[in-house]
Amino acid sequence: MTGMKPISIALIGNPNSGKTAVFNQLTGLNQKVSNYPGITVEKKIGMGTFSDGRPFRILDLPGTYSLVPDSLDEQIVSEQTLNWSLDLDRPDVIVAVVDASNLRRNLLLVTQISDLGIPVILALNMADRVHHDISDDMLTGLENGLGLWKAIPLVAIKGKGFKELKAELQSVGEKTAVRLPVYAGLDKEAFHPLETWLTSELGFPRDWCRAQALRLVCKSGYSDLVRAQLEKIGHSAVENWTEFMSIRDSIRSQTPNWRSLPAGDAGKRYAHIDAVLTKIKWGSDDPLNRRSRSERADAWLTHPVLGPLIFVLLLVFIFQAIFSWAVVPMDWISQAMDWLNAGLHRGLPPGPLRDLLTDGILAGVGSIVVFLPQILILVFFLTLLEDSGYMARVAFMLDRFMSRMGLHGRSVLPLMSGYACAIPGIMATRTIDSWKERLITILILPLMSCSARLPVYALMIGAFIPNQKIGGIFGLQGLTLVSMYFLGTITALIMAKVFSRLIRKEKTSSFIMEMPPYRIPLMRSVGNQVILRGKLFLKNAGKIIMAVSIILWFLASYPKVDSGSGPVNNIERSFAGTLGHVIEPVIRPLGFDWKIGVGLVTSFAAREVLVSTLATMYNVADEQDDVLDLRTALRMDTDPATGKPRYSVLTALSLMVFFVFAAQCMATFAIVRHETNSWKWPLFMVTYLTVLAYLASLVVYQGGLRLGWG
Amino acid sequence: MTIIDLKIGSLATIDRIDGADDFTNRLADMGLGPQVPVRVIRVAPGGSPYLLKINDFYISIRRDDAARIRVVSA
């Protein structure tokens, strides 16, 4: 039955209404995630087929409490609904997903979307959590009271009710009748001229205009959005926009309290909802006097002492998983890369093409792909924490501390993920509503010592820090490692404080966060999330990594010198080597020579590339090829001019401190570019981190020399 | 009297919400407005944020914002 026009379905609902679970149940893995143009809110579209062979297409809109545009998510939903009323991508049916155990609040949005004149199916999700039976009379009462096409109880995580929902979705496409909204919004006489203007200029039905008029008068941002949209589609109403502005301004001058009208409108809508719910005797028990299961669990999980303790234990467990379990698949990937590399070496004749494929692309891409297992494990746990509702508790417990640092309670988990890898951390900042706090979290995230620094720390500590015990308990090597983590974390918090003073707030944001009930996560949703994030990582990071890898390979391999002069000379005379020599004067005050300079250049691809670059330079020279020998090689390397060792403990410390701060990771750069949708912020991030790295290393090395540690 | 004057666990009724319109409109969207009963469930370590229960759901709100919600004891 291909070739049939798919039934177009839009999914709308409050945050925490289980909308994602409904979406996943309807579409499975057959979904596409992209960003809305210009911003970083995800646009999810799913495809499927009904039992009769008709295809369908579902747009999953971001979770929102209201169509009055305050937050980014609400703006998206407002823009979409506006498009629909202009007959752009108008869906055949809207599925409004509501949490049936929290019906009153969830229905506000439903009254707003019923204004649209598109058939609405109410999906009463989590029907098993309602404390009374849901009778047919109740459903009919909801349908009539709210002007719905149909109300259907669902239990999305158990897959219950989907047969009915699908049947209804199939039949709704065949009918055209539309119910009029039962309550179309605040009826103010002052607004009538605008309603008339909208009806004649845009051809909106009168009932839809009433709600639109309110938003257009009370939200300047919304009228800008409407204008932009009309301009984009070349609508003739734009030409009369001055007319609109003068009508709006005259309404504003006649209505002194116009700014607070949305609250009044919401109040009226709630009064209507209350009347409907009372009539059908929905939720007649007394919720405020009944302690829910979640509330009882929270007595422990957000307890002033136990709460943080449980959180720390969970973190320890997650990091244990990331650093020990991930090792196995990481080894597989390394081995696969080696195998591919060897295969290419055998299969291709020596020459630039083989070098490009092996030393350039394979080495570069491999150095990033090897982190995929860690990222997937991390995303798995983060999704689990988010979907179970625990993340909101962490935000609640730590918001006080985080807000003093200019951050948000929701910054905690992204920052913690940064210890494994900045990339899933940066992606996880999407749960922070306030743009300013989200941006600060992104900017400081690279300061959390990620696992790519470990090989560098391990090399330097192993080579130069004596294996001694201090006070008979703590190993000096271990203490050095821990202090690198501390240095990064403390600096991150200080920088957050600095940025919160510097970055202007766009508008006063308040921390109003719903505390969702604890839920058992739907494994299918968690699995989807892990797969989607993995794909995004490979796709977004992959593009830039490929390009930079090729450039770096070229710089390190050309110009070619005559054979016989030895590989170390080869790299020394390459562009990268020349670059190393060029920057040597700049990095000499930090205790680095041209070889480390080359490493700094190549490690912009990824931090651990420093190790392989140094290894290449030494191992090709000395025909040794493992890290243990690299350590010795670094210790033994002498300056031919003075006969003294080139590197010292101080060089090692300086280099490690440099790596704590420096922004050497093109994948992070790519993700920040993607998530902030600008070049400004990733460039700013790299600049401030580089300056910080330079200054810190300078202080360490020069200070150390003055103290006579050289 | 505002939310922060209430004892943990006590029940009150919202009288008025002060503050910027964005703030009051947002709370109104979530169903917080005059005559709505509210219970103070818990305060996070350090005295902020507050956890409130309205109808069947919970919201957390920073101390400064909680001080803008005027209430009368129920």
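The numbers here are math on the coordinates, done by the rules we state, and not lab data. Values in this document were obtained by computation on a predicted structure and should not be read as measured data. Please note: Cβ atoms are built from the backbone with ideal geometry, for glycine as well, and neighbour counts cover all protein chains shown.
Not counting the cut sites, what is the longest span of chain A without chymotrypsin sites (Phe, Trp or Tyr not before Pro) that DSSP labels loop and that have at most 13 other Cβ atoms within 10 Å? In chain A, the maximal stretch lacking such sites is A:1-678. Rounding to the nearest 10 and keeping the result within 0 to 90°, find how far the Cα-based axis of helix A:306-320 lies from the longest principal axis of chain A. Result, in degrees: 50.
Just so you know, the Rg over Rh for the stretch A:189-279 is 1.03, from Cα atoms, with Rh as the Kirkwood radius.
For chain A, the relative contact order is 10 percent, taking Cα pairs closer than 8 Å that sit 6 or more residues apart in sequence and dividing their mean separation by the residue count. For the stretch A:126-260, the percent of C-alpha pairs falling in each 5 Å distance bin, counted from 0 to the bin holding the largest distance, reads 2, 8, 14, 16, 12, 10, 11, 11, 9, 6, 1, 0.
Taken residue by residue and averaged, Cβ atoms of other chains lying within 10 Å of the Cβ of A:153-166 number 0. Cross-link pairs exceeding 27 Å between alpha carbons, from the set A:K44/A:K268; A:K188/B:K53; A:K219/B:K7; A:K497/A:K595; A:K44/A:K166; A:K505/A:K680: A:K44/A:K268; A:K188/B:K53; A:K219/B:K7; A:K497/A:K595. With axes computed from alpha carbons, what is the tilt in degrees of helix A:454-464 against the longest principal axis of chain A, rounded to the nearest 10 within 0 to 90? Compared with the principal axis, the helix lies near 20 degrees. Working note: Karplus 6.51/-1.76/1.60 with θ = phi - 60° gives the stretch A:435-450 the couplings 4, 4, 5, 5, 4, 4, 4, 4, 5, 8, 4, x, 7, 6, 4, 7 Hz, where Gly and Pro are set to x.
Charged side chains reduced to their Cβ positions (Lys and Arg at +1, Asp and Glu at -1) give the protein assembly as shown a dipole of some 1060 debye around its Cα centre.
For the stretch A:189-279, the Cβ-based charge dipole about the Cα centre amounts to some 360 debye (Lys, Arg positive; Asp, Glu negative; other atoms uncharged). For chain A, what class follows from the C-alpha gyration tensor (a ≥ b ≥ c being the square roots of its eigenvalues): rounded when a/c is under 1.5, otherwise prolate if a/b is larger than b/c, else oblate? Prolate, because a/c is 1.5 or more and a/b exceeds b/c.
Of the residues B:G33, B:G46, B:I61, the one whose Cα sits farthest towards the positive end of the charge dipole of the stretch B:3-73 is B:G46 (charges of +1 on Lys and Arg Cβ, -1 on Asp and Glu Cβ, taken about the Cα centre).
Under 10 Å from the Cβ of B:Y58, count the other residues' Cβ atoms, weight Lys and Arg +1, Asp and Glu -1, and hand me the total. Net local charge, B:Y58 excluded: -1.
Peptide A:297-310 is shielded by partner chain Cβ atoms: per residue, an average of 2 of them sit within 10 Å of its Cβ.
Listed by chain and number, the aspartates and glutamates whose C-alpha is less than 14 Å from the C-alpha of A:K163, apart from same-chain residues fewer than 8 away, are A:D52. With the charge dipole of the protein assembly as shown set up from +1 on Lys and Arg Cβ and -1 on Asp and Glu Cβ about the Cα centre, the Cα lying farthest toward the positive end among the listed residues A:V97, A:G703, A:N125 is that of A:G703.
Using only side-chain charges placed at the Cβ, +1 for Lys and Arg and -1 for Asp and Glu, the dipole size of the stretch B:3-73 relative to its Cα centre rounds to 320 debye.
In the protein assembly as shown, a dipole from Cβ-located charges (positive for Lys and Arg, negative for Asp and Glu) runs towards its positive end, and of A:F554, A:F499, A:Q335 it is A:F499 whose Cα lies farthest in that direction. Close amide H pairs (under 5 Å, H built 1.01 Å from N) link A:A151 with A:L122, residues at least 5 positions away or on another chain. Net charge in the neighbourhood of A:V660 (other residues with Cβ under 14 Å of its Cβ; Lys, Arg +1, Asp, Glu -1) is +2. All other residues whose Cβ lies under 12 angstrom from that of A:W241 are scored, Lys and Arg at +1 and Asp and Glu at -1, for a net of -3.
The mean number of Cβ atoms from other chains found within 10 Å of a Cβ in peptide B:17-26 is 6, as a whole number. Distances longer than 15 Å among the Cα atoms of the stretch B:3-73: what percent of all pairs is that? So the pairs more than 15 Å apart make up 47 percent of the total in the stretch B:3-73.
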